[in-house]
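Pasting a structure below so you can have a look.
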Amino acid sequence: MLHVWDLYLDAADATVLFEAVVTLERHRWVREPLPLEDADALRDRFTVITRIAGEDAVYWAREAEDRREAAEVDGGRWGSAATAATMADTAEALSSGSDEVLRACQAALRDLSARLARHAELGQDGSSS
């Protein structure tokens with residue numbers, strides 16, 4: 001099992017990775033510890049989070065649009081235009097947060113994947129294969 005620290009020199013070298021971790025924590029996307037002891041599992045987790053965050057960003061953007069339309073008339077199922085406007089703002093914030101998670105995880109996934117590929121090319125002992 002390849003540890004994250006087998007791929008990164010230090011915390012400064014892992015800035016992109018840690019920015020993703022901080023973003024995930026800030027948006028409450030992490031319910032269990034990220035597998036920093038297993039770089040392949042971490043890449044898999046970032047892949048899943050990236051997919052879900054992308055889907056959530058689109059979903060909440062559509063919800064915001066629907067709620068905004070309701071706010072422009074009578075509020076629709078939200079009861080009043082003011083409530084629908086508040087719900088639209090909430091949905092927009094959720095979409096924005098999901099998009100932030102998406103971008104951070106995409107960056108970390110690209111960086112981690114490139115390092116894993118480079119490590120595989122060099123082989124376990126650091127010599128070219």
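Taking θ as phi - 60°, what are the ³J(HN,Hα) couplings along segment 28-37 by the Karplus curve (6.51, -1.76, 1.60), each to the nearest whole Hz, with x for Gly and Pro?
Taking θ as phi minus 60°, the curve returns 6, 8, 10, 9, 9, x, 6, x, 5, 7 Hz for segment 28-37.
Please report the net charge: other residues with Cβ closer than 12 Å to the Cβ of residue 117, K and R +1, D and E -1.
Summing Lys/Arg as +1 and Asp/Glu as -1 gives +1.
Something else: Could you tell me the relative contact order of the chain? Use alpha-carbon pairs under 8 Å, at least six residues apart, and round to a whole percent.
It comes to 31 percent, rounded to a whole number.
Among (1) 36, 28, 26; (2) 69, 22, 21; (3) 48, 32, 23, only one was calculated for this model; which label is it, if the read-out is Cα extents along the principal axes in Å?
Label (2) holds the value from this structure.
Could you pull out every residue, at least 5 positions away or on a different chain, whose amide H is within less than 5 Å of the one on residue 2? Hs are placed 1.01 Å off N in the peptide plane, and Pro or chain starts have none.
When sequence neighbours closer than 5 places are left aside, the close amide H contacts are 39, 40.
Read the figures in this text as sums done on the coordinates, not as results from a lab. Just so it is clear, the structure is predicted and the values come from calculations on it, not from any experiment. So basically every Cβ, Gly included, is an ideal-geometry build from the backbone, and we count neighbours across all protein chains shown.
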